[in-house]
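Heads up: the structure comes next, in structure tokens.
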Amino acid sequence: MTSDTASAALDGGPDKGPRHVAIIMDGNGRWAQSRGRPRLFGHHAGAKRVREVVESCPDLGIEYLTIFAFSTENWKRTQVEVAGLMSLFRRYIAKEMKALAERDVRVRFIGDRVRLDAKLRKLMDQLEEVTANNRGTNLTIALNYGSRDEVARATKRLARDVAEGRLDPDDVDEETLPKYLDTRVLPDPDLVIRTSGEARISNFLLWQSAYAEYEFIDTLWPDFTGTELARLCTKYGSRDRRFGGVKA
Ligand code: FPP
């Protein structure tokens, strides 16, 4: 918790919208199936919603938007669906690169890139590079991301620093691990939204969301709009965040 969030907590919680919103974009498959279409049709419709949501951020005061695009567990899906999703990510990046760069969006990816194909990795690097100097919305795309995997990778790096004498185990506290996480440059999420009526976190930002507010909504991701995001941000503004303390 930063000193800003600590003082917000002492004041009795936020009186404005969330600075960092993280979204589990769920329900593409059901959206497609209810229309008698293949699951990938839903993923394509879902990808189209991303642009509207990103564009609504500046007006809502959202500085950081993190979206869950593909989890470390999603490889269990059929080969057709996985290949279709990977192709969709490549096309999305190539197609949106110019617009994201021009709209002052800074894009980052989190997750383990090792298992992703070389062409996709190259596009991800390129998108991060061309948007690196942007100062508007910080869009983070979680791709081959899983919180447990992230913590395991972070722990490996931390252990290496201890073994090689760069870190004293006595100095390890709860400020240390976040510096090794993929999200090290991001503030913790204030609001985590999951669409499609499922009320679970599915290995998303577990460490980072320790004190986040949650919204589980019934809307399927391809039906989610900037207007619905605005409603959830307003609702967030009335929440009483205490971070384990008591109201002043
Ligand atoms: C979960 O819905 C969604 C995914 C696993 C993929 C998310 C991908 C997108 C929204 C599209 C592309 C994103 C970017 C950044 C281009 P599900 O398939 O589990 O739906 P279901 O629960 O109804 O089956």
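The values are calculated or read from the model by the stated rules, or taken from the named source; none is laboratory data. These figures come from a predicted structure and were not determined experimentally. All Cβ positions, glycine included, derive from the backbone under ideal geometry; neighbour counts span all protein chains shown. Keep in mind that these areas ignore ligands, DNA and RNA; they rest on the heavy atoms of the full protein, side chains included. Shrake-Rupley method; radii C 1.70, N 1.55, O 1.52, S 1.80 Å.
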Worksheet item: With charges set only on the Cβ (+1 for Lys and Arg, -1 for Asp and Glu), what does the dipole of the stretch 16-155 come to about its Cα centre, in debye to the nearest 20?
Response: 420 debye
Discussion item. Within 9 Å, Cβ to Cβ, of Val192, how many net charges do the neighbouring residues add up to if Lys/Arg are +1 and Asp/Glu are -1?
Written reply: -2
Item to complete: Could you please state how large a percent of the accessible area of the chain is carbon and sulfur, counting protein chains only and using a 1.4 Å probe?
Response: 50 percent
Practice prompt. Using +1 at the Cβ of each Lys and Arg and -1 at the Cβ of each Asp and Glu in the stretch 112-179, identify which of Ile141, Val172, Gln126 lies farthest towards the dipole's positive end.
Written response: Gln126
Worksheet item: Looking at Gly61, Val105, Gln79, which one has the Cα that reaches farthest to the positive end of the dipole of the chain (charges on Cβ: Lys, Arg +1; Asp, Glu -1)?
Response: Gln79
Practice prompt. Translational diffusion coefficient, Stokes-Einstein: compute it for the stretch 98-168 using the Kirkwood radius over C-alpha pairs as Rh, at 37 °C and 0.692 mPa s, and state it as an integer in µm² s⁻¹.
Written response: 236 µm²/s
Worksheet item: Any idea which of Ala152, Gly197, Gly237 is furthest toward the positive side of the dipole for the chain, if Lys and Arg beta-carbons carry +1 and Asp and Glu beta-carbons -1?
Response: Gly197
Worksheet item: Between the stretch 159-208 and the stretch 40-74, how many Å separate their Cα centres?
Response: 21 Å
Worksheet item: How large is the accessible surface per residue of the chain, computed with a 1.4 Å probe and reported in Å² as a whole number?
Response: 52 Å²
Worksheet, complete the sentence: Taking every other residue with Cβ under 10 Å from the Cβ of Tyr92 and scoring Lys and Arg +1, Asp and Glu -1, one gets +4
Fill in: Efficiency of FRET between Trp75 and Arg37 - r from beta-carbon atoms, R0 30 angstrom, step 0.05
0.85
Discussion item. Given the -39500 (n - 2.57) contribution per DSSP H run of 4+ residues, what per-residue ellipticity at 222 nm results for the chain, rounded to the nearest 500 deg cm²/dmol?
Written reply: -13500 deg cm²/dmol
Worksheet item: Among residues other than Tyr145 whose Cβ falls under 12 Å from its Cβ, what is the net charge (Lys/Arg +1, Asp/Glu -1)?
Response: 0
Discussion item. Expected output is a single nm value to one decimal: the length gained when fully extending between Ala210 and Glu129, i.e. 0.36 nm times separation in residues minus the C-alpha distance. What is it?
Written reply: 26.1 nm
Item to complete: List the lysines whose Cα lies under 24 Å from the Cα of Lys98, skipping any in the same chain that are fewer than 8 positions away.
Response: Lys48, Lys119, Lys122
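Could you size up the charge dipole of the chain around its Cα centre, putting +1 on the beta carbon of Lys and Arg and -1 on that of Asp and Glu, and report it in debye to the nearest 20?
Computed charge dipole of the chain: roughly 1200 debye.
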Discussion item. Are there DSSP H segments in the chain that both extend 30 Å or more along their axis (alpha-carbon positions) and score a mean Kyte-Doolittle hydropathy of at least -1.0? List them, or say none.
Written reply: 39-60, 79-102
Worksheet item: So what's Rg/Rh here for the chain, counting alpha carbon atoms and using the Kirkwood radius for Rh?
Response: 0.97
